[in-house]
Each structure stands twice: as C-alpha cells, then as structure tokens.
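FYI, it's all coordinate maths here, none of it is from the lab. Just so you know, these numbers come straight off a predicted model, no measurement behind them. Because the Cβ atoms are built from the backbone with ideal geometry, glycine has one as well, and the counts that use them run over all protein chains shown.
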C-alpha cells in the first residue's frame, strides 16, 4: 500500500527549520523510504516566517510538494498564522507552548503543545537546539520514523563536538511528546 | 562497492554528475536559483585538480568556458534565465565553432528579474532559439534529483561526442528540492571523450569534412596550430565567404544532430500502452502529471504520461508514435504556451491538444492536470 | 628561416588591412617580440576579439582563437586558467577592448592573470567604416560624431595601471623598431600586461579628419610622441597633446593562476 506523508515544519528564519526538515528527510532515507524536502527561499528565508516541507513515502514520490500537511509544526505564532490554513484531516500539530491556536483547525486534528523553546533555553541552556528538541517532539508524537533513524540522522548532520548536546535535545523532545496531553481538539 | 546514498539538492546532484563526467573547469557568475552549483564547484574543483573562476559577468563566464574547453578540458557554467540571455552570443559561437561544453540554466519565473526563487519553464524556447542564426541545439531536462545527476553526465557525453554545447534546463523545483540519490563510486554511465585527431599535425583540419559529421578536435597547446573563428569557415578553420563552402558547414552542423536522433533523444512514458488520454509534460511539471495520471487511472480513465527528457531536438517521434491512438493530448507546462505549440505542430491535427498552462511562480498541481483530463475524457 | 615564414600563415595572405594601415606594423612587432622572448611555438596561443586588429590572430601560425566582440580577454582567461603552461597573447582594438570589452579589461587587470594584451589603437571602429570609439579624442570626426566628438576618451594606460595591471607600456607604429622590446617585457612579466600600440587608420580616421597620407599620420606619431623619461621634465600643459611612450608602469603582484595553484597545493596537503 502506498503511504505518503506530508510534513511541514515552520518557525522564524534562523530557527533551523530548514535543517530540521533535511534531517527528517535523511532519517526517512536511512529507514529505506523515499523523501523529498523543499523549502521557502528568498526574503522569506532571511527572517520572518519560514518553512521546510518533507514528503515521505514507501514508494516513488511523484508530486514533490506538500499540499495537505498531515503533520504541521510551528515554533512561532507568525509561522502558525501563515502556514496552518491547508492542513489535512486528522492533522497532527506540534506547536510551541507560547503559541495560541485559532479555531479554524480541521476536525479531529491532534495538538501537541509543549514548551519546546523554553526547554532548549532553560533545561539545555542552548536555545540553538530548539529545532532538534522540536524534531524529537514531532517524531515522538507521530512515529513517522523510528527513533534510531532520527537519532542517526541528527548525529550525521550536526557539527562535530555537539553530538551529545543534540542527542540530549532530541531525547528531551521525545520526553516532551510522551508527557504531552495530546488529546483531540 | 555499494553506492553512497545521499539526500541532495538538484543543484548539488548536478555538481556530482559533472564531477563524475570529468569536469575540470567551471566559470560562472552568481544568480539565483543556480548559485549552489557555482558554490559547490568552487569547493570541490580544486580538490580534484580542477579550476574554478568567478567571472565579472555571465558573458565572460561563457567565454572562459569555451576557452578552457579548447585546451581539452571538460568545462561548464550554470545560470538562470537572465544570465542565460547574456550567454547567448557566446553560446552561438560555441555551437558554430563546435566547442564542447555544458550550460545549465535553472529557470526562474520571468521575464526579467521576475520571480528569482520560484519555478517556471519560460526558457524552453530560449534554449532552442535564444542564440542568433540558424543552428541545431541539444537540451536536456531532468525531472528529479537522481536524474539531474545522470543527465549532467549525459549532457557532457553528448557535448563531447557531438562537439557541441549542451544545455541542461532545470526548474527551481528540481534545482532546490532535496531527494535521495545513489552516487556510485564509479559512474554506471560510460564517460565519452571528444574525438581527437589521428592524423599528423601538418595534415590536421579542425573542421575536416571527411571524418564523418563530427570532426576531431585537437587541444590548444598540442602543436596543431589551428584557427578557431566565429566567421563562417571551411574545413581548414579559416574564414570563407564562398557560398558552396558555407553551405557545407551549415548543413553538416545540422546533420550531425539530426542524423543521430536515436542516440540523442531520451524520453520516458508511463501507462501509455492502452492510453486514450496522453499527458505530456517535462521537468517538475511531469511529476504533477504523473500523479494526475495515477489519479485518473484510479477513476478508470485510461491516461498515460509522455515525458520528453531531451527536449531539443524536439522528439517528434514521441508524438507521432502515440498521436493516432489518443483521444486527446493534454500538455502541461509552467508558461503560457511554448512547448505546446511544437507538440501541436508535430501532432499534425491527429489529436486534439488540451493546454494546461500556468505562470504564477508555483508548480502546477496534480488536481489542475486531473481536471483537464476529466474535461477531455 | 624568415620570421614571416615561421610565424605567419601563408594561406591567409594577402591580409585584409588597407594600404597604409598601422596594424601590419604592429603585428610585425608582436611577431618579433614572440621570437625574441623565445616563446615555445606550440605553447603559445593568440586570442583576438572582433574588428580590423582582431583579424591578426588568423594571420598568425599558432593556436589561434578569433572570438566574439569584446570578449577576447575572458576567452583567453579560460585558456590560461585551464592550462597555465600556455603563453597567452591577446590582440585587440580600442573599441573591442575598451567599449564592449571594457568590463573584461578592468577585471583582467585586477586579477593580474598572466596574459599579454596588445591594444591596436587606431582611434576608430575601422571594420564598420569609421564610428568613434572610447579612444577617439574629443573634437575628432567620425561617422557617428559628424559634428566633432563630444564623448571623452580614455587614457588606456592610466586605466590599466589603476585597475591593477602589473606592466603597462605605450608605443606607436612609427616607433616600430623599439616596440618589440616593450612587448618582450610585457610577455616576460608574470601577470597582466598591457601594451597600447598607437597606429593609423588612413581610410576612415585619417581621411575624415584630414590628416593626410599614411606617411603624414606616421609623422604625426613621431612629432607627438614623448619618451617617458623626457616627459618627466615637461609640464602637464606641454604634455597636453602628447603621447607618452615607453614603459609606463612595472610592478609585481601575485599572479592569478599561481595563486590558484598554491590554493590547490594547500588543499591537497602538498605545501
């Protein structure tokens, strides 16, 4: 059976959403799936809201763009406001605790609203790894790829010497996802 | 050894393909959305004994590539629509003087500065007729990142084999998206080299008419003392204005491409065996078309995909092969009508053409093409 | 063997330059210089652009490249960069090098790439029958300056020097006997070298400006040329209508392809 998953990761330019998308796609490839990652370019990529999108499939991916995300992550209110309008049914939303949600979400969407940025800043003392915490929450809440592959993909990509920090960030994300009261909307 | 599997951008895969083909020289000028090709080659070329030059402009880049190729070096440049326009005069020079090189154009929305970070397919006719004068052209166009890798190798091969520049068009979707690519340690595609002279230096003719339609090309610096000019020339390479000699040159230039279409033309079809509705698309649009065809099949509509990979010379045979079998042919492209006119010409009225044209900086969606299929089914 | 037999292409003669044109004299100086500098014949490439002067490449028995208008320098840069063992000489005209090719010219100077450029300056577009160029002096007549040229002209030697060329010289067709030595020095300079060779176009420039016969035009060069040593003792007013000839600039700076070789060596750990 063809399984096609569409994921959108969004935040402000510089929050590392592009890298998070690349890592997610690489994790899918490590899991022997196909993946296509694309992103917003131009002025968007230099501040304001920015997004990175990933299509993951167990077979060839024809149309490479995301049209109805089933997983949507937003780290800032601006990104949420800009990019949440075309979510698919049963969408999973992974958002930072600081965000306030609107009431136009699809029926049966599931929201995981956890302190991603605060955890990176307070627990890890490194706000720069918020994107990896977020990735942990996303994968933990969705199981879109197995833990071992996302961990391997993270470690393959991050700068040498930061592996331990990033592993902790990822694990923290998984813990946040596990502890989250992820009820239906 | 097993191939390395990587997640790469189309632009990055193009670089990997070029290196696999043996590129040793790149000259370019920064322009979105092709810049990653220059950036990556600036990093990689010096590591493999190659050379990178950032030139003062697009025109100079094309010139430097031709100069480098004349020393026997595989050379390339990369640009986007506005830069491609600037390269056209020297591209014509390379076609006419028969100097192998590869020119990549990652198309953006246009004309002019247009939509620099958005996809379009507006340079399809520029690739065919952008340069001046009467000339044949080879242009290839990948639809995926793995294909960007393979086609870059093939572009170099065609360029060397036929002593002509080869254009590789990409759109911003293919250039920028990341996808899984398998990079073999040794390229699976055999690497071609330009024909080299076998005669003595005294008897060498750079445009020899008696060695088939692709005369051997010597390297500058090897003692052949030959002349290369953009003036109409005879087989010695020296200028001539004699109509009889001019005719020989112009006709050979066309013949060397047109007599080898079986070797040059590449296309892919999907579900065409019993198709009643054909969908023709190229580049990233073909991926939307492939999805539309699948969705149509799910609804019991006999649709099929025709995807030119070599877009120039025009693959007439692809059209004529299926025209009579089809009830309708949907042509989708990200412009307001370029390639479709060629398709229509080739179809010679045997099948009605339905146009799905879109120029707004977005990839045409599968449902847009599906809707067109439903309208003509 | 006569130099002409060795270095010119018999098959291309007669050349297309007009009687009295200065280009043949300058070509002869280039050939004498190549011989005198002892350049390896097979390793020397001649590149030209478009225009009367640029036809010179076709007459020379080397690997020769007659390119597009104004672009000789970037073509030559690609050759030199791809194979730095080659000696690359660019022959170009005042319009070719400084109007359409002006941007390439200043960037070749800036890069200090090891190319010798000889600018055949006849102050006019000769091939297209006499339009003014960026080297046509103010006040002079051309088909496109029928009321006298109001468009200021370059001093190409000052331009080259300030853009970074490491060797700059000027000579004239009248001073043919001393021109080869300046070109030899240009060839021997490891870097970008410019020699402005002032010549005469009797057909278009001379006739329209009533400058007399080719001999009169050569005499004008003789009378208006001041050697660089002598010029040092003259005031700007005295030099106003003079051509300062000789070696005008000679400096040293890192050469582009050598810098690239050093980079490659460093990256490959050979340094």
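Under the 0.36 nm per residue contour assumption, what length would be gained going from the current alpha-carbon distance of residue A:3 and residue A:101 to full extension?
Details: separation 98, 0.36 × 98 = 35.28 nm, distance 2.87 nm.
Stretched out fully, the residue A:3 to residue A:101 stretch lengthens by 32.4 nm.
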Overall form of the range B:4-183 per C-alpha gyration tensor (a/c, 1.5; a/b vs b/c): rounded
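Tell me whether the range C:27-104 comes out rounded, prolate or oblate; compute the Cα gyration tensor, take square roots of the eigenvalues as a ≥ b ≥ c, and use a/c under 1.5 as the rounded threshold. Walk me through the numbers before you get to the answer.
Numbers: a/c = 2.07, a/b = 1.34, b/c = 1.55.
Judged from the Cα gyration tensor, the range C:27-104 comes out oblate (a/c at least 1.5, b/c at or above a/b).
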The range A:130-180-the range B:164-204 distance, computed between alpha-carbon centres (Å): 40
For the range B:2-39 versus the range C:60-82, the gap between their alpha-carbon centres in whole angstrom: 26
Between helix B:35-44 and chain B: long-axis angle, C-alpha atoms, 0 to 90°, nearest 10: 50
DSSP beta bridges in the range B:4-183 [antiparallel fraction, %, rounded to 5]: 25
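Any idea what the relative contact order of chain C is, in percent, if you count C-alpha pairs under 8 Å spaced at least 6 apart? Numbers along the way, then the final one.
Numbers: 567 pairs, mean separation 49.3, N = 271.
Result for chain C is 18 percent.
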Inter-probe distance in nm under a simple model that places probes 7 Å from Cα toward Cβ, at residue B:321 and residue B:371: 3.2
On Cα atoms only, tilt of C:214-224 relative to the major axis of chain C in degrees: 70
DSSP beta bridge pairing in the range B:218-377, given as percent antiparallel to the nearest 5: 30
Residues in the range B:277-306 reached by a label modelled at residue A:68 [backbone nitrogen below 19 Å; 7 Å Cα→Cβ]: B:288-300
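What per residue convex hull volume, in Å³, comes out for chain A when only alpha-carbon positions are used? Present the calculation step by step, with values, prior to reporting the outcome.
Working: hull volume 20.3 nm³, N = 185.
Output value, Cα hull per residue: 110 Å³.
When a/c reaches 1.5 or more, the comparison of a/b and b/c decides; with that in mind, is the protein assembly as shown rounded, prolate or oblate per its Cα gyration tensor? Present the calculation step by step, with values, prior to reporting the outcome.
On the way: a/c = 2.47, a/b = 1.80, b/c = 1.37.
Taking the square roots of the gyration eigenvalues as a ≥ b ≥ c, the protein assembly as shown is prolate.
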Theoretical FRET efficiency, 1/(1+(r/R0)^6), r = Cβ-Cβ of residue C:207 and residue B:263, R0 45 Å, to 0.05: 0.20
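Per-residue mean of other chain beta-carbon atoms within 10 angstrom of the beta-carbon, peptide A:19-31? Before the final figure, lay out the partial values.
On the way: counts 0, 0, 1, 3, 1, 0, 5, 5, 1, 2, 7, 2, 0.
Mean partner-chain Cβ count within 10 Å for A:19-31: 2.
Could you give the length gained on full extension between residue B:198 and residue B:345, defined as 0.36 nm per residue of separation minus the Cα-Cα distance, in nm?
Details: separation 147, 0.36 × 147 = 52.92 nm, distance 4.30 nm.
Difference between extended and current length: 48.6 nm.
Take every DSSP beta bridge whose two residues both sit in the protein assembly as shown, then give the antiparallel share in percent to the nearest 5.
Working: 39 of 118 bridges.
Around 35 percent antiparallel, to the nearest 5.
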Theoretical FRET efficiency, 1/(1+(r/R0)^6), r = Cβ-Cβ of residue A:125 and residue A:77, R0 22 Å, to 0.05: 0.35
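In which sequence would C:172, B:97, A:67 go, from the one with the fewest C-beta neighbours within 10 Å to the one with the most? Intermediate values should be presented prior to the final figure.
Details: C:172 26, B:97 23, A:67 13.
Placing the least packed residue first, the sequence is A:67, B:97, C:172.
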Rounded Å value of the spacing that divides the Cα centres of the range C:218-271 and the range A:56-101: 63
Separation in nanometres of the label points that stand 7 Å from Cα toward Cβ, at residue C:42 and residue A:32: 5.7
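Could you please rank B:312, C:17, B:129, placing first whichever residue has the fewest other Cβ atoms within 10 Å of its Cβ?
So the ranking, lowest neighbour count to highest, is B:129, C:17, B:312.
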Length-normalised contact order of chain A in % [C-alpha pairs under 8 Å, at least 6 apart]: 22
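Tell me, in nm to one decimal, what length is gained between residue C:253 and residue C:6 on full extension, where the rule is 0.36 nm per residue of separation less the Cα-Cα distance? Let's see the in-between values first.
Details: separation 247, 0.36 × 247 = 88.92 nm, distance 3.41 nm.
The residue C:253-residue C:6 span can extend by a further 85.5 nm.
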Order of B:101, C:157, C:18, B:14 - criterion: other Cβ atoms within 10 Å of each residue's Cβ, fewest first: C:18, C:157, B:101, B:14
Whole-number percent relative contact order across chain B, with pairs defined as alpha carbons under 8 Å at least 6 apart: 16
Shielding score for B:175-187, defined as the mean number of other chain Cβ atoms within 10 Å: 4
Acute angle (nearest 10 degrees) that the helix B:10-21 long axis makes with the longest principal axis of chain B, alpha-carbon atoms: 40
